[in-house]
1. Once fully extended, how much extra length lies between residue 53 and residue 157, figured as 0.36 nm per residue of separation less the alpha-carbon to alpha-carbon distance?
2. Quote the Stokes-Einstein diffusion coefficient, in whole µm² s⁻¹, for segment 189-311, based on the Kirkwood radius over alpha carbon pairs, a temperature of 20 °C and a viscosity of 1.002 mPa s.
3. Counting only residues 5 or more places away or on other chains, whose amide H sits under 5 Å from the amide H of residue 160 once H atoms are built in the peptide plane?
4. Give me the percent of accessible area attributable to carbon and sulfur for the chain, probe 1.4 angstrom.
5. Sum up the charges of everything whose Cβ sits under 12 Å from the Cβ of residue 327, counting Lys and Arg as +1 and Asp and Glu as -1, but leave residue 327 out.
6. So for the pair residue 227, residue 267, with labels modelled 7 Å out along Cα→Cβ, what separation do we get in nm?
7. For segment 95-144, what size does the Cα cloud have along each of its three principal axes, sorted from largest down, in whole Å?
8. Please calculate the 1.4 Å probe accessible area of residue 221, with all protein chains present, and give it to the nearest 10 Å².
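The values are calculated or read from the model by the stated rules, or taken from the named source; none is laboratory data. All figures in this text were calculated on a predicted structure; none of them were measured in a lab. Cβ: placed from backbone, ideal geometry, glycine included. Neighbour counts: every protein chain shown. Side chains included, ligands, DNA and RNA excluded: accessible areas come from the protein's heavy atoms. Shrake-Rupley method; radii C 1.70, N 1.55, O 1.52, S 1.80 Å.
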Amino acid sequence: MKIVNENGTLTIFLCGKIDSANADATEKEVNALIAANSFDSLVFDVEELQYISSAGLRMLLRTCKKYPSLKIINASSEVYDILDMTGFTEMIPVEKAYRKLSVEGCKVIGKGAKGTVYRYDADIIVKVYKDSDSLPAIKNERELARKAFILGIPTAIPYDVVKVGDCFGSVFELLNAESYSSLIASDPQNFDKYVSDYALLLKKIHETTIKKGEMADVKERIFKWVKISAPFLKAEDTEKLNKMIDAVPDTLNILHCDYHTNNIMMQNGETLLIDMDTLSQGHPIFELANVYITYVGFGEEDPTMVENFLGLPYETAVKIWDKFLPVYLGTDDSAKIKDVENKTKLLSDLRYMNHKIKRGAAETEDGKKSLAVYSERISELLKSIDSLEF
């Protein structure tokens, strides 16, 4: 048997078949390997184990009783089903093996902070997470997507987890689906319809409410923006921002918090959301600020940031925002639209300062100048804004 002993974990690789003919010999060999090694936790890697009989299961049970830290990983569907059916998955942590996929040569249809979405074939897309230790995030996204789906939000639910190199990916069945970014780029004559549908879907999301505590509270994120930006803001501006954010009602509206045209897909005339790991609860003003910065704010200093992200010219991105807000608000009242837009600009500038500080702007002269410009913009906006509600 092959073994690996590192970082306090002894991993023993089981392969082939374990049945009544060889279970005793296997157990003796396992016990000899265990006795010859020092470790804190024990793992059986069963990726190459094809079958295990009741005799093999009894060997596992005896080992588990001796070593309660025992964990089984990379179980094939067949082996996992045996362990699950016999109750072993309730006694021992068992992880399934993940199907391996390669996205080499696949079309990129979306990028985000946590991963990249690929069109794998005509039927499926794969979201590959950047962090190699992303399984908790994937499980969280699946649970959030399930909640949203049950509440009537048109959601593409991931149905499988795969390995892509050293990273993990979520698989979605989206037959010949196209992102709204792609549709807007290829079908400009229907621009107004796409943006209108996009705005009304967000309104539907925001009109959906959940129970308190079911999702993360978006306010915590906004307060962090203020905290990180505070050294570059006027003290009175920091104080006013914190008071206004605190005064926003703690509503239970669902927020997507990464709502852009790369994350909205059209499949056979049906609109579906992807990238659900950022779902939160809170007041819609915080979501609108994220929408504004995506289409306008990020591109003010460097239009290519928006162009590279959305795959659309910056002028088109600005047009999306200009068309989006009146449809979302359900009004042509220019004063109302301007009032809400100024509030989104305020929060967008705050987020952009946070973005730049995290990327080292405070350590360069150009960065400091940029932060000073945005700090002054926030001061000017605060002169006419006393509430973030609308």
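1. Net length gain for the segment: 33.9 nm.
2. 133
3. HN-HN under 5 Å from residue 160: 171.
4. Of the solvent-accessible surface of the chain, carbon and sulfur hold 50 percent.
5. Neighbourhood net charge equals -1.
6. In this crude label model, residue 227 to residue 267 measures out at 3.9 nm.
7. Sorted largest first, the three principal extents are 28, 26, 19 Å.
8. About 90 Å², ignoring ligands and nucleic acids.
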